[in-house]
1. Per residue of the chain, what 222 nm ellipticity follows from adding -39500 (n - 2.57) for every DSSP H run with n ≥ 4, rounded to the nearest 500?
2. Helix 138-156 against the longest principal axis of the chain: what's the angle in degrees, Cα atoms only, rounded to the nearest 10?
3. Rounded to the nearest 10 Å², what accessible area does LEU273 show when all protein chains are kept and the probe is 1.4 Å?
4. Please report, in debye to the nearest 20, how large the charge dipole of the chain is about its Cα centre when each Lys and Arg carries +1 at its beta carbon and each Asp and Glu carries -1 there.
5. Measure nothing but the geometry: give the 0 to 90° angle between the long axis through the Cα atoms of 58-75 and the longest principal axis through the Cα atoms of the chain, rounded to 10°.
6. Sort 61-69, 276-284 by the packing proxy (mean of other Cβ within 10 Å over each peptide's residues), most packed first.
7. Put a dot 7 Å past each Cα toward the Cβ at ILE135 and LEU23; how far apart are the dots in nm?
8. With the dipole of the stretch 1-149 worked out from charges on the C-beta (+1 for Lys and Arg, -1 for Asp and Glu) around the Cα centre, which of ASN84, ALA34, LEU94 lies farthest toward the positive end?
Amino acid sequence: MIWGNHSVLMEFVFLAYPSCPELRALSFLGVGMAYAFIITGNVLIVVSIQREARLHVPMYYFLGSLSGVEICYTAVVVPHILANTLQSEKTITLLGCTTQMVFFIGFGSADCFLLAVMAYDRYVAICHPLQYPLIMTLTVCVRLVVASVVTGLFLSLPLGPFIFSLPFCQTPGIQHFFCDVPPIMSLVCANSHFHELLVLVAATLAIAVPFFLIATSYAFIVTAVLKMRSAAGGRRAFSTCSSHLTVVSLQYGCCAFMYLRPSSSHHPRQDQLISLVYILGTPLLNPLIYTLRYSEMKGAIRKVLARNCGSLRG
């Protein structure tokens, strides 16, 4: 297919990787270690919640689901980044780029919706404690998780064909580590204001809407806590929310900075650093934040590690 003097590129080249062999080796080591910690930490959370009966409550069910989504979210791009770091030719096909973008945005959006679901769970637990077991049943929890993942993928699936139907410039270089929306849109040679507007609408639905739900939930939570007569009860309520708020700040801060800006304000170097934060930093910090804050989680992980160590010795 041809648009004027521009043709559809069948292959893209990533230009953000270091050319110096020493820097490539250091990059591979750093990203590889971070990815190993991400997988280990999130898998430990999923396994611990599954095996420990006392953690079979909505709060930990949502935490386990968040860890599962983040395993998928990072698996879409990080192994490809590691492979490209060592390869001399850092290319990706048009189909591969489309697939990577769709699933990266899909799982990233699901992550945002799950954080909103976790805020709603805390709202029900603190503001309606007596009705909590009736409202947050297992069926409701499963439906909320499935709805988060399906909605995220539903928002991302049209993006691939929509963006890659545009004509690209003859220079196939992507100033990034992977196929993300801003660097791909910068390669478009046609007038793409309408497409940029629709991408912004999709980003608003995936980022701003869940954030609004989180803010609303916490507004009700703060109101309920301020009405509590017991100071200890208020501190306990805020303690269960502090980990979630930390994760929300990291996730939404980076995502809003990347996707809720006009294309003219994007800077390749700056965007590359921010992208490393939300594909490596946030998934790495999530297990640390939640395990440090929740003593039940720490105890369950210790049990899992003790059992595995015991079985290896046996």
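The values are calculated or read from the model by the stated rules, or taken from the named source; none is laboratory data. Note that the structure is predicted; figures quoted are calculated from it, not measured. Note that each Cβ is placed from the backbone with ideal geometry, even for glycine, and that neighbours are counted across all protein chains shown. Only protein heavy atoms, including side chains, enter the accessible area calculation; ligands, DNA and RNA are left aside. Shrake-Rupley method; radii C 1.70, N 1.55, O 1.52, S 1.80 Å.
1. For the chain, the value works out to -23500 deg cm²/dmol.
2. Taking the Cα atoms of the chain, the angle to 138-156 is about 10 degrees.
3. Result for LEU273: roughly 120 Å² accessible.
4. About 1400 debye.
5. Helix 58-75 sits roughly 20 degrees off the main axis of the chain.
6. With the highest mean Cβ count within 10 Å placed first, the list reads 61-69, 276-284.
7. 5.2
8. Looking along the dipole axis, the top candidate is ALA34.
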